[in-house]
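The values are calculated or read from the model by the stated rules, or taken from the named source; none is laboratory data. All of these numbers come straight from a predicted model, not from anything done at the bench. Backbone-built Cβ (ideal geometry, glycine too); neighbour counts: all protein chains shown. We work out accessible area using only protein heavy atoms, side chains counted, and drop any ligands, DNA or RNA first. Shrake-Rupley method; radii C 1.70, N 1.55, O 1.52, S 1.80 Å.
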Amino acid sequence: MSSHPIHVVIWLPSTFYSAVAATLVEMFELVNAIRRSEVFSFEFVSRQPSATSTSGIFFATTPEPSRPMDVLILLAMPGLQVPELLRALEEESPHAKPLLAMAQRDGAIIAAHCGASYFLAKSGLVDGKRATISWWLKTDALRRFPRVRWDPSRLMIRQGRIYTCGGGFSGLELAKALIKDLGFPKEERIVRKLLVLPPSRRLQTPYEFPLEDVAPESQPFGDKLNALSKANMPALDLTFLAEQLGLSQRTLSRRFFEELQTSPGRWIQDRRLEAARDLLEGTELSISEICYRVGYQDLASFSRLFSKTTGMPPGEYRRQSQ
């Protein structure tokens, strides 16, 4: 056995479940405790300097691995709205691709959890190979990646040094398989007992149900933007909207043109001026206070823009609207 610990890199996408990320690490750390030595080392990698889970828990990350990888685990992006989840996976795929290439160069085991199998399929790594994916993505996976031998009924599939697993806490099966396959079957049994883990499961089909029973109604793109603008008018800019919606600025700009037929800058300007008109009509706030509340820092610039778009300065607009 190598004198160096087995280095496990866990890639965190723009959104993820903290419970899955933390449980994976705890299982590897328990092996270290049982062996009384560091047989596993790990680190989180993400394009965000401090990745945040769906529950708001922060994970310290690095932009790339600090040393050669022995194992790369790609975590899934959660979501109940399949069309939005697919868009998010497409958005995230280019960021996963360089890490997958690095793992291949390192000769690492590559494991994909839940919807992260999409990244392997997108990169061609599982062409001609058996693979599984979260059951709610199976229809789209079969349609988009016909070269993959999908078997979405399975909870986990190993093909050589590539592992794929199904939805949610199938990550437990992945971690158990990795610990055993890396040479620690005795420790894996102890970990199962210490964590009171359920017996090994082979299929995810018993967990399937009509997703529309629990998925919230899809909120139109424009409605999401309006809700964000009303609650965060001073901070409203392209960077803020992209972060809140989990999109790149480029993708967000494209969606503005495709769905709203306008640019982000023009839309933001219109929302700010709309809010200013409402405040002028319905409050006694000073014009300078209204200027700052709707996100402008310079009163003269705000007044010129307001006059240009409405045909009158803010003070005159207030007098005529009341």
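Given R0 = 45 Å, the distance between the Cβ atoms of D237 and R189 translates into a calculated FRET efficiency of 0.25. Within the shell of other residues whose beta carbon sits under 11 angstrom from the beta carbon of R67, the net charge comes to -4, with Lys and Arg scored +1 and Asp and Glu -1. If R0 is taken as 35 Å, the Cβ-Cβ distance between S3 and R158 corresponds to a FRET efficiency of 0.85. Less than 5 angstrom separates the built amide H of A51 from those of F59, T61, all sequence-distant by 5 or more or on a different chain.
Using the Karplus relation 6.51 cos²θ - 1.76 cosθ + 1.60 with θ = phi - 60°, the per-residue 3J(HN,Hα) values for segment 264-270 come to x, x, 5, 4, 4, 4, 4 Hz, with x marking Gly and Pro. With each label modelled as a point 7 angstrom along the Cα→C-beta vector, the D278-E38 pair spans 5.4 nm. Segment R147..E316, full-extension length gain: 54.2 nm, with 0.36 nm per residue of separation and the alpha-carbon distance subtracted.
Here's how it looks for W150: its modeled amide H is under 5 Å from those of A131, which are all 5 or more places away or on a different chain. Please give me the summed charge of the neighbours of M312: other residues whose Cβ is under 14 Å from its Cβ, Lys and Arg +1, Asp and Glu -1. Its environment carries a net charge of +3. Entry note, the chain: the mean residue ellipticity at 222 nm calculated from DSSP H runs of n ≥ 4, each adding -39500 (n - 2.57), is -14500 deg cm²/dmol after division by the residues and rounding to the nearest 500. Here the chain carries DSSP beta bridges of which approximately 30% are antiparallel, counting only pairs with both residues inside. Between R293 and T139, the C-beta separation translates, for a Förster distance of 45 Å, into a calculated FRET efficiency of about 0.45. If you take every DSSP beta bridge fully contained in segment 44-142, what fraction is antiparallel? Give it as a percent rounded to 5. Around 40 percent antiparallel, to the nearest 5. Solvent-accessible area assigned to carbon and sulfur over segment 220-313 amounts to 48 percent, based on a 1.4 Å probe. What pairs from K129/K176; K138/K176; K97/K138; K129/K180; K97/K230 go past 27 Å between their alpha carbons? K97/K230, as the Cα separations exceed 27 Å there. Tell me the carbon and sulfur percent of the accessible area for segment 1-151, rounded to whole percent, probe radius 1.4 Å. That fraction is 55 percent.
Solvent exposure of segment 149-201 amounts to 47 Å² per residue of accessible area, where only protein heavy atoms count and the probe is 1.4 Å. Rolling a 1.4 Å probe over the heavy atoms of the protein chains gives segment 209-293 an accessible area of 59 Å² per residue.
Think of a 1.4 Å ball rolled over the protein heavy atoms: segment 1-138 then has 41 Å² of accessible area per residue. Between K122, K308, K193, the Gaussian network model of the chain with springs among Cα atoms under 10 angstrom shows the greatest mean-square fluctuation at K308.
In the list (1) 81, 41, 36; (2) 62, 46, 40; (3) 60, 48, 36, the label attached to Cα extents along the principal axes in Å as derived from the coordinates here is (1).
With each label modelled as a point 7 angstrom along the Cα→C-beta vector, the L285-S200 pair spans 6.2 nm. Between F257 and E84, the modelled labels are 2.5 nm apart [label points 7 Å from Cα along Cα→Cβ]. Each residue of segment 153-167 was assigned a 3J(HN,Hα) from its phi angle through the Karplus curve 6.51 cos²θ - 1.76 cosθ + 1.60 (θ = phi - 60°); the sequence is 6, 7, 6, 8, 9, 10, 10, x, 9, 10, 10, 10, 9, x, x Hz, with glycine and proline shown as x.
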